[in-house]
1. Of all residues in region 234-251, count the ones that are away from the ligand (no atom under 16 Å from the Cβ) and surrounded by 21 or more Cβ atoms within 10 Å (Cβ to Cβ).
2. If I filter region 287-299 for residues that are in contact (Cβ under 8 Å) with a residue 40 or more places away in the chain, farther than 30 Å from A144 by Cα and over 26 Å from the mean Cα position of the chain (by Cα), do I get at least one hit?
3. Give just the number: which of (1) charged (D, E, K, R); (2) more than 15 Å from the ligand (Cβ to nearest atom); (3) in contact with a helix residue (DSSP H, G or I) (Cβ under 9 Å, 6 or more places away or on another chain) does R216 not satisfy?
4. Mind telling me which of the residues D405, D399 ends up being in a loop (DSSP other than H, G, I, E, B) and modelled with pLDDT of 95 or more?
5. Filter region 159-191 down to the residues that are farther than 25 Å from Q108 by Cβ, under 19 Å from the mean Cα position of the chain (by Cα) and part of a loop (DSSP other than H, G, I, E, B), then identify the one that is nearest to the ligand (Cβ to nearest atom).
6. Among the listed residues V422, V387, identify the single one that is in a strand (DSSP E or B), within 26 Å of T235 (Cβ to Cβ) and of a type in the set (V, I, T).
7. Which of the residues spanning region 149-158 are within 10 Å of the ligand (Cβ to nearest atom) and either under 20 Å from F221 (Cβ atoms) or surrounded by 23 or more Cβ atoms within 10 Å (Cβ to Cβ) (or both)?
Amino acid sequence: MSDTSKQLSVPTIGVVSLGCPKALVDSERIMTQLRSEGYQFTGTHNDADVVIVNTCGFLDSAKEESLAAIGKAMKDNGRVIVTGCMGAEPEQITAKYPNIMAVTGPQQYEDVVNAVHDAVPPVSDPFIDLIPEGGLKLTPRHYAYLKISEGCNNRCTFCIIPKLRGDLVSRPIHHVMFEAEKLVSAGVKEILLISQDTSAYGIDTKYAEYPWKGERRKTKFYDLCKAMGELGIWTRLHYVYPYPHVDDVIPLMADGHILPYLDIPFQHASPKVLKAMKRPGNQEKVLERIKNWRNICPDLTIRSTFIVGFPGETEDDFEYLLEWMQEAQIDRAGCFKYENVAGAPSRDLEGHVDEEVKQERWERFMEIQRQISEAKQQAKIGKTLDVIIDEVDGEGGADARSKADAPEIDGKVLLRDVPKHVKAGDIIRATIEDADDYDLFGVAAL
Ligand code: SF4
């Protein structure tokens, strides 16, 4: 066999990644492993030897999207391996698509890789075995999601994640920091820490200690935030529950160690609804704590998600939530109408709310949130902020984000008059000239 024919036989994989950032990290791990074994990737199903579909099974609507993606891959290619959350219930997939090559569950990286080996064996070649430092990223090069744990010890009644992904398993702190350093040396400027319950990090390990950079570090939320702050990049915290020890990291935000940004999925404010949801974290006195956090760190941005129309939610509960929102002044909020997820204990609760009522509450919630966001955005006009460049358009314009904006879920800072030498991943100063409800408009202030 000639060298040319060998090059032509490079095994090629198509990847479809659905769902949340945690699923994206799973896809990246699978791809990094396969790339290190000589596989290459294609964006089209037709060119692939086999297609991997990483599914999301959180909500019924996500399951439908996953089944549609599997259907498309089957139609276009016919050789399909399914993994991810929906893989925890394989019969749902095989009933519809009996010719699927393999179905594996969430985090079963080895099983997916083995299924790929069976479908199309690896070809070893020193030229194609090279892998970029930091692994393969599906996000742009300058930011990356870093998963610190798998699973969850909570049992929120609307959620089937613990059933799908099991109890909390934290990665040892030196492993997380090793991966973070690799990402930084590969050019990443912003790391988003993710998990199901970020502030519970390390509880399962009893806060095991390991050496990193000449010091003993605990596998613990505070120690991780402190160590990340030593890398000199932007660190953003997602999926934090308001356990008391969250107060300890606010000074790290005020001192600029990590970004003054907290993504806390509060889901509701009414004590009765929170109890029915079995939410973790001491939700009492949260308003008082938010005030204290903002006293310590005035630039703090709080992002959250909420569910309206949870079973048993009355008009009084909902109005309590709206008043709480006004008082808490949550900077950014997503809102979902309660969905009756198959297998979730909340299905069996009494007092399910009519769809029209859910819709009406959702609209009222979003209007309050829009007003809060608009006022907060207007207050930024005239300020000069640090922004990270996501994309330049080559004509002096750029999409950027401030410290208050997480990629994909928050607003943008749209810039004009950006100097030619500025590129994606650069952090520059920008003066804000205008604002709408969610985005800012500004000019580079170099
Ligand atoms: S904290 Fe609750 S909502 Fe989040 S993954 Fe755990 S059980 Fe699900």
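The values are calculated or read from the model by the stated rules, or taken from the named source; none is laboratory data. Note that the coordinates shown come from a computational prediction; the quantities given were computed from them, not determined experimentally. Here the Cβ positions follow ideal geometry from the backbone for every residue, glycine too, while neighbour counts run over all protein chains shown.
1. Number satisfying all stated conditions: 4.
2. Among the residues of region 287-299, at least one is in contact (Cβ under 8 Å) with a residue 40 or more places away in the chain, farther than 30 Å from A144 by Cα and over 26 Å from the mean Cα position of the chain (by Cα), which makes the answer yes.
3. So R216 meets the others, but not (3).
4. D405
5. Result: V188.
6. Answer to the check: V387.
7. G151, C152, N153, N154, C156, F158
Every residue, every condition in (1) hydrophobic (A, V, I, L, M, F, W, C); (2) outside the structural domain of L300 (by TED's automatic domain parsing); (3) modelled with pLDDT of 90 or more, yes or no:
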site: F158; (1), (2), (3): yes, no, yes
site: I173; (1), (2), (3): yes, no, yes
site: A180; (1), (2), (3): yes, no, yes
site: L193; (1), (2), (3): yes, no, yes
site: Y201; (1), (2), (3): no, no, yes
site: T205; (1), (2), (3): no, no, yes
site: A208; (1), (2), (3): yes, no, yes
site: G214; (1), (2), (3): no, no, no
site: Y222; (1), (2), (3): no, no, yes
